[in-house]
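What follows is a set of notes on a single structure, which appears directly below.
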Amino acid sequence: MPAGFVLARLGVTVLLLCGVTVVVFVLMEAAPRDAATQFLGVKATPERLAELRSELGVDRPSWLRYLEWAGGVVSGDFGASLASGRPIGELVAAPAGRTAVLAGIAFLGVLVIGVVGGIRAGYRASGRVDRALSTAALIGLSMPEFVIGIGLIAVFALWLRMLPAVSLIPSSGQLSDRPEILVLPAVTLAVVAGSYVLRLVRGIVAAGTARPDVEAARLDGIGPARVLFAHVLPSAVGPIVTAVVAVVPYLVGGAVVVEQLFGYPGLGRLLITAVDGRDQPLVMAIVLLLSAVTVLGYAAADVLARVADPYRRRHS
Amino acid sequence: MSEFASEPMSLGRRVRLRLRRGLVLPSVMVAAVVLVAGVGPFAAPHDPRESMAVAFVPPRGEFLLGTDQLGRDVLSRVLSHGWPVLVVPLVSVVVAALVGVCGGLLLVARRGRGRRVVQVLDMVLAIPPMLTLIVLGYVLPPGFGALLVVVTVINAPFTARFVRSLADGYFDAGFVEVSLVEGDGRVAIAFREVLPNLWVPLLGDLGNRFVAAMYVVVSAGFLGVAAIGDGADWASMITDSLGGLALNPAAVIAPAAGIGLLAVGVNLLGDQWAARR
């Protein structure tokens, strides 16, 4: 793969992230309320607001604060939260880890539902199993996460009483002490993302199965398993990997609603708290982190697609 | 009877029957939600805003779906507050589509600048919609206008890119070349000559856009971002009643079922539409 392609891709990525932070910064500057009004609430008088703003340093010109912030980020310093005064890195680390754990488990679910289900459905396209799986996947990806989550809660928490409806972190702070709180949120995410991947993988495998050389292999009397693994899958691996990797940003960024539903203290819930309190540096850090994961996820999918495809590898 | 049934059906007839059967269930699902949302406000047995009993009474007797966190009748609230889930996405989808179609046609007409704008659009599309929703939703004054803006920002780039990919080929077509030779401007040609050819695929895409818009609107309601009215829609009702899930699950499950029914119904219809063409 030419170094130029990777460099250009990297350049676009950095530009996009700069763009996103500028837009978010400007939006928060333009918002009718700021951290001072949110903090003081009904007790806000013009004098106290002015006092608090100068204390927080938000009374200085916007462009100066943005440049200071960007300079800090480049040197690895994300500043301090306006609401609590604690360093951003310290505030973000634990929730980010919890979101990553949830996304990781959901990703395993996506592999099972999406890849295994998709191959099964696509290998015998328009068979009975395919129709059942494809329809189920369409239903799964149609519904908002919270509707699926509520359905799961109703069955597994309220009716069967097998799993907790609320994902309370144990007092030790260790997720491994109560792993069962991860099940329902992870399954919810996996159903939505897995349904999406299933339909993509089904299409890829169905197209591969219909190829003349695969048909010829089958007519030669080669068994179905061997046809699948030796003739259909090798050329389908690239597109399947791309489809699966492209879902990672969703699992990380799309977890907001699921975290809110189950009360799981991850990055998404922290973002909502931060935006609510107009905690600009905290919002900027989380937005930057989530956008970076998204953009890197798509970039990785793009690069993998090129690596897996001999034609594009030679001609790009 | 048996003689009649064993008569072989022509393939075309069988395909048509299958399609029609595939359309019945999703149509019933969508129609049911539309009916509840449209007629519901007039059929509610109680005042949806009035506290009638203690909080989270489970379904029984007078309250078929129990009561919510303020002791209000859930059935009356479900019936009265269904329409925003339909109307808000519908209106915002139309606005977003207009913006997207105009944008897309301009991108095609202005080829050189268009390519650079598309590169920017690709970057905008890479931003997770939930991020856009949360940041914009909290910054804009809450209400219908905010949702309109959010849906347009999330949906219009998709439509613009779709229109551009559809319309690009037409600029090589004979009837466009005739207009070009006659000295018409490229923007005028895009709207007058090219646009009429795009209606069918655009209408097909509208189903997907509606589902996306509905997803944004109900997620906004659920997260309490840019809420419409004072919690008077199905998604906000879910959030408000989540605390009493163990006491009266119906207060959460009923509005969630309404949203799920509509989303699945519209998506199944869109799938059938796509399969037909």
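The values are calculated or read from the model by the stated rules, or taken from the named source; none is laboratory data. No experiment lies behind these values; they were computed from the predicted model shown. Neighbour counts run over all protein chains shown; Cβ positions are idealised from the backbone, glycine included.
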What are the residues in segment A:154-176 that are touching a residue at least 60 places away in the same chain (Cβ under 8 Å) and in a helix (DSSP H, G or I), if any? A:LEU175
Considering every residue within segment A:211-231, establish whether at least one is touching a residue at least 60 places away in the same chain (Cβ under 8 Å), buried (at least 23 other Cβ atoms within 10 Å of the Cβ) and more than 13 Å from chain B (Cβ to nearest Cβ). no
Among (1) within 19 Å of the chain's Cα centre (by Cα); (2) modelled with pLDDT of 85 or more; (3) of a type in the set (A, V, I, L, M); (4) crowded, with 18+ Cβ neighbours inside 10 Å - the single one A:VAL252 does not satisfy: (2)
Given (1) surrounded by fewer than 20 Cβ atoms within 10 Å (Cβ to Cβ); (2) touching a residue at least 24 places away in the same chain (Cβ under 8 Å), identify the lone condition not met by A:ARG128. (2)
If a residue has to be at pLDDT below 85 and part of a loop (DSSP other than H, G, I, E, B) to count, how many in segment B:205-235 make the cut? 9
Set A:LEU296, A:LEU261, A:LEU290, A:LEU270: member being closer than 21 Å to A:LEU56 by Cα and in a helix (DSSP H, G or I): A:LEU270
So B:TRP199 ticks every box in (1) of a type in the set (Phe, Trp, Tyr); (2) surrounded by 16 or more Cβ atoms within 10 Å (Cβ to Cβ); (3) within 29 Å of the chain's Cα centre (by Cα) but one. Which box is left unticked? (2)
Filter segment B:236-257 down to residues that are without any contact (Cβ under 8 Å) to a residue 24 or more places away in the chain and assigned to a helix (DSSP H, G or I) and give me whichever is farthest from the other protein chains (Cβ to nearest Cβ). B:SER236
Only one of B:VAL99, B:VAL151, B:VAL135 is within 22 Å of B:PHE222 (Cα to Cα) and in contact with a Ser or Thr (Cβ under 6 Å, 6 or more places away or on another chain), namely B:VAL151
Those helices (runs of 4 or more DSSP H) lying entirely in segment B:1-100 with at least 1 residues surrounded by 15 or more Cβ atoms within 10 Å (Cβ to Cβ) and either at pLDDT below 80 or of a type outside the set (Gly, Ala, Ser) (or both): B:11-43, B:74-80
Among the residues of segment A:261-278, how many are in contact with an Asp or Glu (Cβ under 6 Å, 6 or more places away or on another chain) and under 17 Å from A:GLY149 (Cα atoms)? 3
Hey, can you tell me all the residues within segment A:109-118 that are surrounded by fewer than 21 Cβ atoms within 10 Å (Cβ to Cβ) and in contact with a helix residue (DSSP H, G or I) (Cβ under 8 Å, 6 or more places away or on another chain)? A:GLY109, A:LEU111, A:VAL112, A:VAL115
Do any helices (runs of 4 or more DSSP H) entirely within segment A:3-97 hold 2 or more residues that are at pLDDT 80 or above, farther than 26 Å from A:TYR298 by Cα and more than 13 Å from chain B (Cβ to nearest Cβ), and if so, which? A:46-56, A:62-74
Working carefully through the options B:THR159, B:THR152, B:THR132, find the one that is within 14 Å of another protein chain (Cβ to nearest Cβ) and among the hydroxyl-bearing types (Ser, Thr, Tyr). B:THR132
